Each structure stands twice: as C-alpha cells, then as structure tokens.
Amino acid sequence: MGSKPSSLRNALLVAGVASTAGVALFPLAVNAATVQKHKIVTVTMGFQPNELTNGEIARFEKYHPYIRIKRDPSATNPSDLAAQLASGNAPDIIRIQGAQQLGSYVLRGIAKNLQPLFNKSKVFNQKDFFPAVNEYRWNGHQQGTGPLYGLPETWSQDFTLWYNKKLFRQAHIPYLSPTKPITWQYLMKIAKKLTVVKNGQVQQYGFGYWGGLGTAASQSLMILPVQEMGKSLWSANYSHALFSSPAAVKVEKMWVNAVKNNLGPNPVNKNPNWSGNLFLDGKIAIEMCGFWFEGSIATTPPVSKDLKDIAMAPTPVWPGGKEMSPTGAATGGVIWSGTKHLAQTWTVFQYFFGQYPEIYRVTHGEGLPIQKSFMKYVPHQTPWERAMLKWQQQNMKYQLPLLKYNPYLGLMTANTAISQYLDPVYFGKASLSQANGQLNSELDSIIRSRMQLSKK
Amino acid sequence: MHYSVYGRRHRPFDVCAVYGEKGSEALVGTMAYSGKTKTASRTVRRSRFKKYLPFYLFISPWLIVFLALGLIPLLWGLYLSFTNYDGFNFNSVQWIGMSNYVQVFRGGAMAALGRTILITVINVPLGTAIGFMLAVLLNTKVKGVAIYRTIFYLPAVFPVVATGLMWSAIYADQGGMLNEFLSIFGLRPINWLGYTWAPTALILMLLWGSGGALLIYLAGLKGVPQSLYESAAIDGATPAQRFFHVTVPLMTPVIFFNLVLGIIGSLQILLQPIIISGGSLTTAPIMPIYLYMVDAWLQIFSLGRFSYGLAMLWVLFVIVLLLTLVVFATSKYWVYYEAPGE
C-alpha cells in the first residue's frame, strides 16, 4: 500500500460519492448497531493509521452512535499479534496478507468463517467480486474455493512491470509490448543492459522488485515462475518443500545470476533505499510492482513530471509456460474467531471494505477495488491515468490462477529460510544443491510440526 | 578486627543487633519473669514485623513489578520451552520434554554461539580498553573537556535502531558513505557487509559505542585519592608508572564491573547485525554475523518456533551465568579491593 496523496479532485470525488453512500447505507448500519440498545461497543482494528484514518473513523462513528472503532497498529506486528491472541486480546479485525497468510490463519482457528454473513449482506454483492477475492476462500485444504473468511483492502497484480521509457531509449532497447509478456530470460537480458555501473558503483539498476528480498530469490519470485512452468514448489498436500526440483533449480539459477550481475538491490549488493523509491527517482529502469504503485508514481517527482515515459507491461512468463498475473499480497482483513461483538464487528468490516474507506483507497490509486462496480472510482481524469486504467483492464484476465503459497508457512517463514540458506550461494560460499538440501530440510521440519498442530 | 560490608560482624544469635539494647532487655526480662513463651514469641513476631514492615513497603513497588513482569514471565517462558508452543496454540500446548534443548545442541545454534563468542572475545577487551583510555583522557583538565565528554558519550544515548540505520547507510555497498569516500581517491568499493568484512564492520560499529561506560570510569577515576599520586610523584614515579601502578590497580573493580556487563551485553547482541544488514527485522543476516540471539529471534518471530527459541534463551542464560562465574573466579588474581583497616 502506498501513502495517501491528497488532491482536490480526489477529495471532492470521494466526498461526493461517500456522502451519497453514507446516507444511503445509514439505516442499515443503525439497524446492525442497535442490536444492543444504548450499549456502546468498541471494535478494535489491527491496521495502520494510513490504512484507517482518523477521519474515516470519525465518519463511521457519526453514523453509528453505538459503535466505537479503536485502531491498534501494534497488531500488524506478528509478535505483538501472537501475544494478543495468546492473552485473548486480539483485534476484532486482524490485518493479513491474504495471498500468503489466509491458510495459516484458518488452520490455526484464528479467522472466522464469514460466509453466512456475506450471504446476508446488503453491502457486498458476491457476484460483483473480482476473482482475486478468492484469496480469502478456504475449502479445508487450499485457497481459492470454499467459504469466504475475509476480504482484501484493495488488490493488484503484483508482478506486472512498470518501466521508464526514457531509460529504455538511452539504452537503445525497444519498449515493452503492452499485451505480449516478455520472458523472464529476456527481462534479465535487458535488465543487464539497463544496469549502469561506474567505478564499481551502480548508477542505475535494470530491474527492481518492491518486496521480498529484493532482486533475488524469494518465496513469491520462486513460486510464480515455477507455477508458470506448470509445477509447484510444494508437494501435493504441502507437506514438503521442493526446492531441489528441476523447475525450482532453473529459477534459482536465474536469480543467482541476477544477484551476480547486480541487476537490482539484492542481499549481496545492498542499497539503503527501497527499490520503489529508486524507481520514482529514475534510478531503476523496470520495477516489478502492482497497480497500487500508480498513486505514488502520479504524485512523486521526478517521474510524475514525465508520466508519458512511464508505462506498464505484463507479468513475465517462463518460455513455453502459462501466462498468468496473480496477486502476491491481497492485503486485507479477517474477523478474529474470538470476537465478542460479531454484529458490530461485521458492521465495521462492511464499512471498511465496502464503503467510504474502500472508495477512498481506490480513488487515490492505491490498488484495484474488490468489487467490479467500483472500477469507476479508479483514477481516470488524465490521459495517462486513462491509459494505465485501460492497460489494467486488459490485463485483468490473467489474475487467475492464484499463487500456491504453503498454508503451513505463513508470511515470513519461507523468506527467512530462503535468505538464510541462499545467501551463502550468492556469496559463493555454498553450492545450490547444498543450500537446497538445507532449505528443504528446514522447511519440512517446520511444516511437519505445524501440520501436527493443525490436526489437533 | 574483621569487618563485613555492613560493619561489625554479627554474633550467631545477637538479640541486641536485631531488637536494640533496650528492646532486648525488655524481651529477655519478660521471658524470664513471666515464663510465658507463647506471649514472648508473639511479641517477637510483632516486633519483627513492625521493624521490617517499612522496608517491605518501600521495596514493594519494585517487588510487585519484578514478580509480575520479571520472575513469573521468566518461569512461564521456562515452562513453555518444554512444550510445543508455536505462538498461536496457547490453548493446546503439549509437554515435549527436553527435545527443544536437545535440538539446541544439535542444530545450527551452537555455530551461532561460536561466532557470538568470537565477536565477544574481540569486542569486549577492545571496548573495555578504549572506554577506559577515553575516560583517562577525559579526566584531564583541558579546555572544553565537558564538550569532549558529551561527544564521546553521545553513542550511548542514541537508540540502537538509529545507530544501526546510520551504520547501514555508512556501510552500504551502493551509495554508502564509506565507499563514496573511497571513490574520491579512485579506490574501488568494498562490500563491507559481505562475508569477508561483515564481522569487522560489526565490531567497528560496536566499538563506536565504547564511550557508553565513560561515566562509570570517570566516577571511578574521581575516587582515586590524589594523595596516592602525590606520594608516587615524591617517590620519583613517572606519569606512566603512576598510571600503571596507581590508576590501573585502583580502577580494577570498575574495570571488572564493566567487563562482566560487557560480556553479558556482547553475548546478547541482537539488533545491530540485523539492522546493518539492511533487511527487515525478519530477514536473516549473512552467516558471519548470524549470532546466537539473532538465531533465537528469527526462530521465534520468523520461523514460529517459539518454544525452541525459548530453550535457546535459557541455554544462553546458563552460559552467561557460567562465564560470569568464571570471570568472578579469576577476579581474585587481578582485581584490587581496598579493605578498611588494612
């Protein structure tokens, strides 16, 4: 999620839309809130202030006199959340990265099945949901189907490419096709040409990745190419990691070369700046990032001054593989199974994910809406915004299948283990086969213990 | 005459010492006269209670906090280290005996401990020596000494996260201050956070904070009697001789204190390696600076092995305890205590 840039246009648009929506939905909200008459109930949300602003809380409380919202940013810290869960004080609405965390939260009994509430909801029309919302479905074995346990705030196809045409011209590289994806190998090739080194110092990187471990192997950047090849990084029931499989090794070799060629900030050649900021500063030619980056690009100089030079291209594909462009995060929320005020929490949930805050997020270019009917709020005032929106709409058809994250590993486990065992390979201190053996063994042991716990 | 730290040594049963001269007379008199031992013991208990009540009332805030936030959580952590607790299964934890402790000695934790001890062996003596020498220099009467003292003490005031981020920016391979400086002389950049240089970079960063013990050293130096220096000067001692034969011996208790704290602190280094590595708090630093506490932290918060991480911490506690006892045992050979009456 990016920051919330302010603009008069967006503010007016949101104010207009929200006041209409707010007034229209007021009777519904009051009905839900007056379940316990005259008793004020506090609903806690484990979100950051830039995700749920004071203004948004005030607006809600104005229309819902019997519900107070308490924001608890500490719950976005996994260690704090673990302590809160252990002591029975977790937030009523817990923030998670649905794509990577939903399975582990359902398996541990933390997330509540919300399907019965969705079926009765007058705020959400389930037929209106984009397929990416399926990241919050769990059928007992895997994500994608089954009842809904939560929703994303917004979502994006997180592996699409933003690129700087000016830097392409300087390197005499043709622009990328807006419709035909380039291969991962071509991406590495042009990234090498776009990387400018002077006296051993990188002046300009070819290719950056906004998350994970930088331009290096990470859970997402392993799963995606492997899945494009039609394979998986996990055994069928997710009980084993398959980092030694031929498909995984091919992808790992690509990332080892990317690190050696210093194509972007990576574990060997660290850069104190976030790669997204380097792109905004014109120092990275291609940034792998979702549509949520649009708001930052449109408002942050120097790139915002020459928006005609910034374009999007499809997610790279493995040669001969399946073209796909899934989400890698789908950050959103679930309702804690231990909540003591389900009716009030559901009212807040509907407000946050389906009403004013959702419209605000979408209007400010922070990502795509979860409901198709909200696409009208995606920024489209300038020619550049309209071009980006048009491109995004064309690319929507590749949002499925979802990436297969291991439900027993959660958000950080795999990346921590990958960085621990692959870093020696990048530094030439271990072979890939050695590292993969250790990595599989470490992850298998964690998966095994969590599988045992989830059976209890 | 032998003195204890509290004054004259008490006799094995000294009524006077406990109740005072008048109180003891009344007590003994009552017992002898009436012969009612029950009344006497009740009086003793009441008297003792009255005597110690203010003491316990005064320390009660600390005692309550220590019990609630110190001892009980520690013992709770000890219990959890024998279970399969993973941070989320609080209601269904199971006793698994010593298996977490066995794993600590079989897994990579011992390698991390070895690296931590190596860093400690280099960092603590150097840090102690630098801190002490700085204090000696700042104990001299030069113009603006207060400013120098402030400057050298400043690293101790900085939060460790801020310090780590600052050094991370200094060491960064790309755009780092140190490499930018080298490039002025046409030198190629060095990967300060790579396998070869990372331990050195970490130790340099830790040594930068050597001024942390400055105040304690300065307080110790102020306590060295001037008369000893004057006597030594009259006897013809050179400044170096005065330093080695007066200052150093009299400062050994302070050095000893800082040494013990330094060892404990160094074995618990956690945030510095993670932050200078430039990743998130859940990213593993490279192996040469992957220290014991870093391992425990990542096992708990990244890999979700809470009970195993707790077992690691209890093993570290025992190691710290043993090392401290060893240092204490050696102290009789090199720490000089000035005893009253000698």
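What follows is calculated from the coordinates using simple rules that are stated; it is not laboratory data. Quick caveat: nothing in here was measured; it's all calculated off a predicted structure. Positions of Cβ are backbone-derived with ideal geometry, glycine not excepted, and every protein chain shown enters the neighbour counts.
Per residue of chain B, what 222 nm ellipticity follows from adding -39500 (n - 2.57) for every DSSP H run with n ≥ 4, rounded to the nearest 500?
Estimated from H runs of four or more residues: -21500 deg cm²/dmol.
Using the beta-carbon distance between B:Leu126 and A:Glu61 and R0 = 60 Å, what value does 1/(1 + (r/R0)^6) give for FRET efficiency, to the nearest 0.05?
With R0 = 60 Å, the Cβ-Cβ based efficiency is 0.55.
Pull up the DSSP beta bridges for the protein assembly as shown and report the antiparallel fraction as a percent, rounded to 5.
Antiparallel: roughly 70 percent of the beta bridges in the protein assembly as shown.
What are the ³J(HN,Hα) couplings of segment A:225-241, residue after residue, when phi is run through the Karplus curve with 6.51, -1.76, 1.60 and θ = phi - 60°? Round to Hz, x for glycine and proline.
x, 5, 5, 4, 6, x, 10, 9, 7, 10, 5, 3, 9, 6, 7, 9, 8
Residue by residue, what Karplus-based ³J(HN,Hα) values in Hz, rounded to whole numbers, does segment B:61-69 have, using 6.51, -1.76 and 1.60 with θ = phi - 60° and x for Gly and Pro?
Using θ = phi - 60°, the values come out as x, 5, 4, 5, 4, 4, 5, 6, 10 Hz.
Between exposed chymotrypsin sites (Phe, Trp or Tyr not before Pro) in chain A, where DSSP calls loop and at most 15 other Cβ atoms lie within 10 Å, what's the longest gap?
The reported range is A:275-456.
If R₀ is 35 angstrom, what is the calculated FRET efficiency for the pair B:Phe105 and B:Arg188, using the beta carbon separation as r and rounding to 0.05?
After rounding to 0.05, the efficiency reads 0.25.
Place a point 7 Å from the Cα of A:Asn113 along the Cα-to-Cβ direction; which residues of segment A:425-455 have their backbone N under 20 Å from it?
From segment A:425-455, the list is A:454-455.
Can you give me the long-range amide H partners of A:Val43? Hydrogens built in the peptide plane at 1.01 Å from N, cutoff under 5 Å, separation of 5 or more residues or another chain.
Result for A:Val43 returns A:Arg68, A:Ile69, A:Lys70.
Residue by residue through segment B:197-207, which ³J(HN,Hα) values in whole Hz follow from phi under the Karplus form 6.51 cos²θ - 1.76 cosθ + 1.60 (θ = phi - 60°), with glycine and proline marked x?
Coupling constants for segment B:197-207: 9, 4, x, 4, 4, 5, 5, 4, 5, 5, 5 Hz.
So how much slack lies between A:His380 and A:Thr53, counting 0.36 nm per residue of separation and subtracting their Cα-Cα distance, in nm?
Value of the extension gain: 115.3 nm.
Below 26 Å, Cα to Cα, which lysines can A:Lys390 reach? Residues fewer than 8 away in the same chain don't count.
A:Lys4, A:Lys127, A:Lys165, A:Lys166, A:Lys180, A:Lys305, A:Lys308, A:Lys322, A:Lys372, A:Lys376
Residues of A:70-78, mean number of Cβ from any other protein chain within 10 Å of their own Cβ, rounded to a whole number?
For peptide A:70-78, the averaged partner shielding equals 1.
In which sequence would A:Arg448, A:Arg108 go, from the one with the fewest C-beta neighbours within 10 Å to the one with the most?
A:Arg448, A:Arg108
Please list the non-local residues whose amide H lies under 5 Å from the amide H of A:Ile310, H modeled 1.01 Å from N, same-chain partners needing a gap of 5 or more.
So A:Ile310 has HN proximity to A:Lys165.
Can you tell which of B:Tyr290, B:Tyr79, B:Tyr229 shows the greatest fluctuation in a Gaussian network model of chain B with Cα springs below 10 Å?
Judging by the Gaussian network model, the answer is B:Tyr229.
Please give, to one decimal in nm, the separation of the simple spin-label points placed at B:Phe90 and B:Leu271, each 7 Å out from Cα toward the Cβ.
2.5
Test of understanding: in a Gaussian network model of chain B with alpha carbons linked when under 10 Å, which of B:Thr247, B:Thr163, B:Thr37 would top the mean-square fluctuation ranking?
B:Thr37
With labels modelled as points extended 7 Å from the Cα through the Cβ direction, what inter-label distance (nm, one decimal) is found for A:Asp444 paired with A:Asn257?
The answer from the label model is 2.9 nm.
Around A:Thr44, what is the net charge, scoring Lys/Arg as +1 and Asp/Glu as -1 over all other residues with Cβ under 13 Å from its Cβ?
Once positives and negatives cancel, what remains is +2.
Can you give the relative contact order of chain A as a percent, counting alpha carbon pairs under 8 Å and 6+ residues apart?
Normalised by residue count, the contact order of chain A is 25 percent.
Under 5 Å between amide hydrogens, which residues at least 5 positions from A:Gln204 or on another chain qualify, with H placed 1.01 Å from N in the peptide plane?
Amide H to amide H, under 5 Å and 5 or more residues apart or across chains, A:Gln204 pairs with A:Val196.
I need the per residue convex hull volume for chain A, using only the alpha carbons, in cubic angstrom as a whole number.
Per-residue hull volume (Cα only) is 136 Å³.
Return the equivalent ellipsoid semi-axes of segment B:99-334 as a descending list in whole Å, where each equals the square root of 5 times an eigenvalue of the C-alpha gyration tensor.
For segment B:99-334, the semi-axes come out at 36, 26, 14 Å.
What value does the protein assembly as shown have for Rg/Rh, both radii from Cα atoms and Rh as Kirkwood defines it?
A ratio of 1.06.
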